Amino acid sequence: MKYWQILASVVLAVVLFVSPLSAQAASSSSITRSAGDEVQGQDFSGQNLIGTEYTNVKLENTNFSNANLRGVVFNGTILEGVNLHNVDFRQGIAYLAKFKNADFSDALLTDAMMLRSVFDHVDVTGADFTNAILDGVEIKKLCVNASGVNSKTGVDTRESLGCK
């Protein structure tokens, strides 16, 4: 019995070393933009953009109002003056994103991960941030003007942010 285990181990090791599986590493330079600079200022209102990735692009003055942005990724993206009114950004990711003068009113942001992102002068009236993950400093900034109740979930914005 022991002999067969040793033999099987040796055969497996030979197979793995003779024909190793190829490995591929990902780096930030290998990530392709699924949406480039041509989207800046575009009107994507009401569109289904599930799973789209925006990496290192400027989306200034882009209109995403009423769009389905579930699982969308904003990575290192500038979103100044962007309209996100009534968007569905559930389970979305905004990492190192810069939101300035953005409209998040009545948006669904539940279970979104928005770490290391900046929110300057944004409207979050009626937005639902339930289970969203944001940096503490940004939550405090958002709580200053947070108000309203989300029209779809009935969740109070201040409560979903954990405002005191």
Quick check on my filter: what residues within the stretch 108-131 are touching a Lys or Arg at 6+ places or on another chain (Cβ under 9 Å) and within 21 Å of Lys152 (Cα to Cα)?
Leu108, Leu109, Thr110, Asp111, Ala112, Val122, Asp128
Got at least one residue in the stretch 138-145 being surrounded by fewer than 18 Cβ atoms within 10 Å (Cβ to Cβ), in a loop (DSSP other than H, G, I, E, B) and not basic (Lys, Arg)?
no
Determine, yes or no, whether Asp111 is over 23 Å from Gln40 (Cα atoms) and open to solvent by less than 80 Å² (accessible area, probe 1.4 Å).
yes
Looking only at the stretch 55-66, which residues are part of a strand (DSSP E or B) and open to solvent by 50 Å² or more (accessible area, probe 1.4 Å)?
Lys58
Against the definition (closer than 19 Å to Asp120 by Cα and more than 9 Å from the chain's Cα centre (by Cα)), how does Asn83 come out, yes or no?
yes
Scope the stretch 148-161; condition part of a loop (DSSP other than H, G, I, E, B) and open to solvent by 50 Å² or more (accessible area, probe 1.4 Å); matching residues
Ser151, Lys152, Thr153, Gly154
How many residues are over 20 Å from Thr130 (Cα atoms) and of a type in the set (S, T, N, Q) if we restrict to the stretch 66-89?
3
Identify, from the list Leu79, Leu69, Leu96, the residue that is touching a Lys or Arg at 6+ places or on another chain (Cβ under 7 Å), open to solvent by less than 10 Å² (accessible area, probe 1.4 Å) and without any contact (Cβ under 8 Å) to a residue 24 or more places away in the chain.
Leu79
In this structure, does Val118 turn out to be at negative phi, open to solvent by 30 Å² or more (accessible area, probe 1.4 Å) and of a type outside the set (Gly, Ala, Ser)?
yes
Do you know which residues across the stretch 37-54 are over 13 Å from Ile93 (Cα atoms) and assigned to a loop (DSSP other than H, G, I, E, B)?
Gln40, Gly41, Gln42, Phe44, Ser45, Gly46, Gln47, Leu49
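The values are calculated or read from the model by the stated rules, or taken from the named source; none is laboratory data. All of these numbers come straight from a predicted model, not from anything done at the bench. For neighbour counting, all protein chains shown are included, and Cβ atoms are generated from backbone atoms with ideal geometry for every residue, glycine included. Remember, those area values only see protein heavy atoms, side chains included, never the ligands or the DNA or RNA. Shrake-Rupley method; radii C 1.70, N 1.55, O 1.52, S 1.80 Å.
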